[in-house]
Amino acid sequence: MFDRIAGRYELLNTVMTAGLHRIWNRKVLAATGLRPGGRALDLACGTGSLTRDIARRVGPRGSVLGVDFSREMLRAAERRPLPNVEYRLGDATKLEGVESGVFDAATIAYGARNIPDLDALFSEMARCVRPGGAVVCLEIARPPGRVASAFYGLWFDKVVPWLGARISGDAAAYSYLPESVKEFVAPDDLAVIMRRNGLQSVTWSRLAGGIITLHRGFRRA
Ligand SMILES: C[S@@+](CC[C@H](N)C(=O)[O-])C[C@H]1O[C@@H](n2cnc3c(N)ncnc32)[C@H](O)[C@@H]1O
C-alpha cells in the first residue's frame, strides 16, 4: 500500500494537515533534545519528511539513518538527498545491521499505528539509542470531547478518504488511514508498552486539539 501512495504522499500530507505537519515535526525535534553533531534514527521514515528536518537540526557533523520497508517511499526520499542522511530498507521491528546504543535519539512519526508488534518496535528503538537517549513517537489520535470528535469524524472519516482517492488515486489507502487510527492503542496503553520495553520517564501529550499525540521516553542506563 505504501509503495502505491509514495508519489503523492507528501503533497497529500500538506493538504490534509493544512501544512501543520511541519509544526508537529518541530515538536518532535524539540522532544528528541538533538543538537548539532547528534546521531539519530528515524524509523518508518517514508519519503523523509521528518528525516530531513532532523538532518538540518544535527547539521553537517551529525547524521540520520532513515529506515522504511517500502522501496517506493525510500525511492521518493532519495530524490531529495542530504549529505548527512542515509536511507536503508528494513523492518522497524527487526533492525538487522543497525548498531546498539549508538544513537542519541530514535523517532517514529505516523508509523507505529501501522505496526502490529509494538513491543518489538519499542524494544528495537530502546536497543539502538544510547543510555539516556530519547525515543519519540508521533501519532494521529482521536480527540477527546464531543465537538472535537464530531469535527474530526467529518474530516477524517469523510474528507480524507475523498481527498486521498482524488489526489493519490488510491481510495483504499486513505480509507485504511482512519480505520488504523480507530484500531490503534490508547495513548496511556502506548506509554505502558514503551515502559515495559526498556524506556523510563515516559510522558505523552496531545497536540492540535488532541488529533496528534507525542510520546517520549528515555533509555534506562
Ligand atoms: C504514514 S507513513 C509515515 C512516513 C514518515 N514517517 C512521515 O513522517 O511522513 C508510514 C510509513 O511506515 C512504513 N512502515 C510501516 N510498517 C513498517 C515496518 N514494520 N518497518 C518499516 N517501515 C514501516 C511505511 O512503509 C510508510 O512509509
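The values are calculated or read from the model by the stated rules, or taken from the named source; none is laboratory data. Note that this is a predicted model, so its numbers are computed, not measured. Every residue, glycine among them, receives a Cβ derived from its backbone with ideal geometry; neighbour counts consider all protein chains shown. In case anyone asks, the SASA skips ligands and DNA or RNA and just uses the protein heavy atoms, side chains included. Shrake-Rupley method; radii C 1.70, N 1.55, O 1.52, S 1.80 Å.
Tabulated data for the structure shown
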{"item": "Scan of region 66-83 for residues that are open to solvent by less than 70 Å² (accessible area, probe 1.4 Å), more than 20 Å from L29 (Cα to Cα) and of a type in the set (D, E, K, R), ordered by number", "result": "E72"}
{"item": "Given (1) farther than 27 Å from R57 by Cα; (2) hydrophobic (A, V, I, L, M, F, W, C); (3) surrounded by 15 or more Cβ atoms within 10 Å (Cβ to Cβ), index of the condition V147 fails", "result": "(3)"}
{"item": "Of residues in region 6-20 being among the small types (G, A, S) and in contact (Cβ under 8 Å) with a residue 60 or more places away in the chain, the one nearest to the ligand (Cβ to nearest atom)", "result": "A6"}
{"item": "In region 119-128, the residues that are open to solvent by 30 Å² or more (accessible area, probe 1.4 Å) and either within 25 Å of P36 (Cα to Cα) or assigned to a loop (DSSP other than H, G, I, E, B) (or both)", "result": "R127"}
{"item": "Criterion (surrounded by fewer than 19 Cβ atoms within 10 Å (Cβ to Cβ), of a type outside the set (A, V, I, L, M), modelled with pLDDT of 95 or more and not in a strand (DSSP E or B)) met by exactly one of P116, P131", "result": "P116"}
{"item": "Single residue of region 42-71 satisfying the filter (β-branched (V, I, T) and within 7 Å of the ligand (Cβ to nearest atom)) that is farthest from V102 (Cα to Cα)", "result": "T47"}
{"item": "Residue list for region 43-61, filter: open to solvent by 20 Å² or more (accessible area, probe 1.4 Å) and in a loop (DSSP other than H, G, I, E, B)", "result": "A44, P60, R61"}
{"item": "Condition met for A191 (assigned to a helix (DSSP H, G or I), in contact with a strand residue (DSSP E or B) (Cβ under 9 Å, 6 or more places away or on another chain) and touching a residue at least 12 places away in the same chain (Cβ under 8 Å))", "result": "yes"}
{"item": "Criterion: at pLDDT 90 or above, open to solvent by 20 Å² or more (accessible area, probe 1.4 Å), more than 17 Å from I115 (Cβ to Cβ) and touching a Pro at 6+ places or on another chain (Cβ under 9 Å) - qualifying residue of R206, R195, R216", "result": "R206"}
{"item": "Complete set of residues in region 84-110 that are within 13 Å of the ligand (Cβ to nearest atom) and either open to solvent by 40 Å² or more (accessible area, probe 1.4 Å) or not in a strand (DSSP E or B) (or both)", "result": "R88, L89, G90, D91, A92, T93, K94, L95, E96, V98, Y110"}
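To keep it simple, each residue is scored yes or no on (1) more than 9 Å from the ligand (Cβ to nearest atom); (2) assigned to a strand (DSSP E or B).
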{"position": "R4", "(1), (2)": "yes, no"}
{"position": "R22", "(1), (2)": "yes, no"}
{"position": "A40", "(1), (2)": "yes, yes"}
{"position": "M73", "(1), (2)": "no, no"}
